[in-house]
Structure formats: C-alpha cells, structure tokens
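Worksheet: the structure to be examined is printed underneath.
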Amino acid sequence: MSPQDTQDRPGVQDGHAKGGDPAATPGASNLWRWLVRRLLLSVVVVLGSATAAFVALYLLPGDPVQTMLGPTGQTPALVAEVRHETGFDHPVYVRYGLFMGRLLRGDLGRSYQLHQSVKSLIFDQLGSTVELAVTGFVLALVVATVLAVTTAGRRPLLRGLASTVELVLASLPGFWIGVLLLTFFSFRWQLFPAVGGNGVNGLVLPSVTLALTLLGVFAQVMREGMERALSEPFVLSSRARGAGETTVRVRHALRHAMVPMVTLSGWSVGALLSGAVIIETIFSRPGLGRVLVSAVNSRDLPVISGVVVVSAVAFSAVNLLTDVLYRVVDPRLKEAQA
C-alpha cells in the first residue's frame with residue numbers, strides 16, 4: 001500500500017486524526033471549505049430565486065396591491081392599509097429590503113384573497129405533494145432497478161425492447177400519460193377515482209403517472225451503469241469464485257450502477273416539483289401544485305412568490321444532501337472537488 005493510497009482511505013485518515021487536531025488535517029479542512037462553499041452557493045440560489053420573484057411581481061402591469069386584493073372587496077381604506085403593510089408606499093429599493101428582511105425572518109407574507117398566511121397555506125399542502133413525490137420516486141426507482149438488472153447485457157432483442165419502451169416513456173409529456181390513465185382506469189374500467197380521492201386509491205394513478213415520467217431516464221442510466229460494471233475485472237473475479245449470475249448482478253454490479261443515481265436524484269427533484277404541478281391539476285389532488293396554479297390564475301402574488309422561495313429552498317437542500325452523499329459513496333471526490 002503506497003502512502004498516497006493510505007491517505008485516500010477515510011478510515012486511515014481518521015486514525016491519523018486521532019493523534020492530533022482533526023480540523024488541522026488537509027482532508028478535514030478541504031471538506032469544511034467545500035461544505036461552506038456549497039452552503040453559500042445554496043444561499044445565493046435561494047436569494048436569487050426570491051429576487052427573481054420580486055422583480056417579476058414588480059414588472060407586472062397594473063397596481064400590484066389591487067391585484068393582490070383580488071377583484072372583489074376592495075375599498076380605498078383597505079388598499080391604503082395593504083399598500084402600507086406590504087411597503088408599496090415606499091421606493092422599490094426599500095420594498096426590496098423589506099421583502100428580503102421578511103424572508104430572512106421566515107415571513108412569506110399573507111394571501112389577502114384567501115385571508116391566510118402564505119406560510120400556513122404552503123405547509124398545509126406540502127404533505128400531500130411530498131407524499132405524491134416520494135411515492136412516484138420510489139416506484140420509478142424500483143421498476144427501473146428491476147428493468148436494469150434483468151436486461152443489462154442480455155440478448156439484443158430483450159434489451160432493445162426495454163430501451164425502446166423507456167425512450168417512449170421519457171419522451172411522453174406527463175399530462176398526456178395522466179389523461180390516458182384517467183381514460184382507461186377511471187372512466188372506462190372505473191378502478192380508481194377520477195378526481196380527488198383520499199388514501200391509497202386516490203394516490204395510485206397520480207403516483208404511477210409521476211413514476212412513468214421518471215422511469216425511462218432512471219432505467220437508461222442504471223442499465224448503462226450495470227453494463228459498465230459487468231465488464232469490470234471484479235465481476236470476472238466474482239464469477240471465477242463461483243458466484244451465480246443473480247448474485248453478481250445484485251450484490252456487485254448493482255451497487256456500482258447506483259452511484260450515478262445519486263446525482264440523478266438531485267435532478268429528479270426539479271422534475272418531481274414540476275410534475276406535481278401538472279399531476280395535481282389533472283387529478284384534482286390537493287398540494288403545492290394546485291395552490292400554485294390557483295394563485296397564478298387569481299394573480300395571488302404573495303402565494304406565487306412564497307411557492308417559488310419554498311421550491312428553491314427544497315431544491316437547494318436536496319442538491320446539497322445529494323452532493324454530500326455522493327462524496328460519501330465516492331471518496332475520490334473529497335480531494336478532487338476540494
């Protein structure tokens with residue numbers, strides 16, 4: 001074992017650190033610098049998204065206060081009160097400062113049309129969206145894993161058929177898949193509710209729709225990783241030791257094929273959020289997607305900016321977690337990216 005190999009091993013690094021100050025080791029200091037940079041980048045992404053939402057609201061035509069109040073129930077006294085409360089009686093740079101100050105305090109504002117704080121409105125609907133997103137993600141991951149394990153390196157006909165189906169699924173828009181499922185499983189065969197629906201029955205069609213939009217990409221990436229792993233010397237060594245084909249694929253090759261999925265899971269957060277907007281609207285499910293569509297239709301500006309900020313926070317947090325997990329899975333990045 002060379003000195004460089006010894007330094008690259010996390011366990012050996014820990015052992016050296018026990019003899020001195022762990023924060024003084026190059027690996028620890030590099031890790032902290034990388035983590036601070038990633039945290040600062042996440043903060044910039046969230047503040048940039050909030051700024052973009054503020055600019056979009058500023059550029060909207062008409063009086064933003066009257067837009068926020070909606071078409072009914074407006075009085076001159078109420079308009080003046082809301083204008084003062086939201087800072088619209090100040091110059092734009094003061095309004096921006098007030099807007100960012102409220103965000104830093106965790107205040108997302110108030111929906112004057114729904115008479116409810118934006119924070120409570122969003123968090124009341126967040127659970128339904130998370131339930132849909134997690135179910136769809138897990139379903140897509142399980143089916144993609146089965147497809148990749150059973151077809152990677154197999155006969156060209158079987159592999160080609162699976163790849164064609166995956167490409168078709170990856171190309172189809174989510175709303176079209178949802179309409180097809182509604183047509184057959186709800187309207188024709190009446191197996192699942194067409195709109196709303198609580199419990200498992202109401203979750204099946206929306207989660208399957210969301211999973212099908214992700215399945216094609218997941219399966220393609222995992223199969224490529226599996227086939228690359230199956231050509232590595234350690235697979236030949238495992239087969240030479242008498243390991244069966246299923247053991248080689250599941251215990252050895254699949255673990256290597258899952259590494260790209262860590263990166264892909266960060267990308268999938270954006271796909272899940274955008275897909276949830278469409279699917280919740282098609283199936284009339286409660287959730288952030290329906291809240292956003294309703295807010296856009298009624299021009300409820302505080303709700304729109306609140307959903308944008310919360311989505312940016314969720315996207316940044318998951319991507320930061322993905323980067324940390326990727327460095328744990330592949331320790332070579334600890335030195336390469338530091």
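The values are calculated or read from the model by the stated rules, or taken from the named source; none is laboratory data. Keep in mind the model is a prediction, meaning the values are calculated, not measured. Please note: Cβ atoms are built from the backbone with ideal geometry, for glycine as well, and neighbour counts cover all protein chains shown. The area values use the complete protein model at the heavy-atom level, side chains included, leaving out ligands, DNA and RNA. Shrake-Rupley method; radii C 1.70, N 1.55, O 1.52, S 1.80 Å.
Before anything else, pin down the relative contact order of the chain: Cα pairs under 8 Å, at least 6 apart, normalised by residue count, whole percent.
26 percent.
Any idea of residue 323's accessible area? Nearest 10 Å², probe 1.4 Å.
Its accessible surface works out to 50 Å², give or take rounding.
Find the percent of Cα-Cα distances in the stretch 52-142 that exceed 17 Å, and round it to a whole number.
In whole percent, the long-distance tail amounts to 61.
Let me check against my output: what whole-number percent is the relative contact order of the stretch 207-292, with C-alpha pairs under 8 Å and at least 6 apart?
So the answer I get is 31 percent.
Quick one: length gained pulling residue 115 to residue 234 fully straight, 0.36 nm per residue minus the C-alpha distance?
36.6 nm
May I ask you to rank 34, 176 by accessible area, largest first, using a 1.4 Å probe over the protein chains only?
176, 34
Take residue 313, project a point 7 Å from its Cα along the Cβ direction, then tell me which residues of the stretch 86-122 have their backbone nitrogen under 13 Å from it.
Of the residues in the stretch 86-122, 102-109, 118-122 have backbone N under 13 Å from the label point off residue 313.
Go ahead and set up a Gaussian network model of the chain, Cα springs under 10 Å, then flag whichever of 209, 75, 183 fluctuates most.
Among 209, 75, 183, the largest mean-square fluctuation in the Gaussian network model of the chain belongs to 75.
Please report, as a whole percent, how much of the solvent-accessible surface of the chain comes from carbon and sulfur atoms (probe radius 1.4 Å).
67 percent
Using only helices, what value at 222 nm comes out for the chain when you add -39,500 (n - 2.57) per DSSP H run of length 4 or more and divide by the total residues, to the nearest 500 deg cm²/dmol?
Roughly -24500 deg cm²/dmol at 222 nm, from the helical runs in the chain.
Quick one: helix 199-230 against the long Cα principal axis of the chain, what's the angle to the nearest 10°, folded into 0 to 90?
40 degrees
So how strong a dipole does the chain carry about its Cα centre when Lys and Arg Cβ are +1 and Asp and Glu Cβ are -1, to the nearest 20 debye?
760 debye
Where the centroid of each part is defined by its Cα atoms, how far is the stretch 295-326 from the stretch 68-118 in Å?
Each part reduced to its Cα centre gives a spacing of 20 Å.
What accessible area per residue comes out for the chain, rounded to a whole number of Å², with a 1.4 Å probe?
Per residue, the chain has 55 Å² of solvent-accessible surface.
Find the percent of Cα-Cα distances in the chain that exceed 38 Å, and round it to a whole number.
Considering the chain, 35 percent of its Cα-Cα pairs are separated by more than 38 Å.
Given the whole protein assembly as supplied and a 1.4 Å probe, what does the accessible area of residue 78 come to in Å², nearest 10?
60 Å²
Please name whichever of 43, 314, 156 sits farthest to the positive end of the charge dipole of the chain, dipole taken about the Cα centre and charges placed at Cβ: Lys and Arg +1, Asp and Glu -1.
156
Tell me, in nm to one decimal, what length is gained between residue 191 and residue 35 on full extension, where the rule is 0.36 nm per residue of separation less the Cα-Cα distance?
51.3 nm
Using the Cα centre of the stretch 70-124 as the reference point, and only Cβ charges (+1 on K/R, -1 on D/E), how large is the resulting charge dipole? Debye, rounded to the nearest 20.
140 debye
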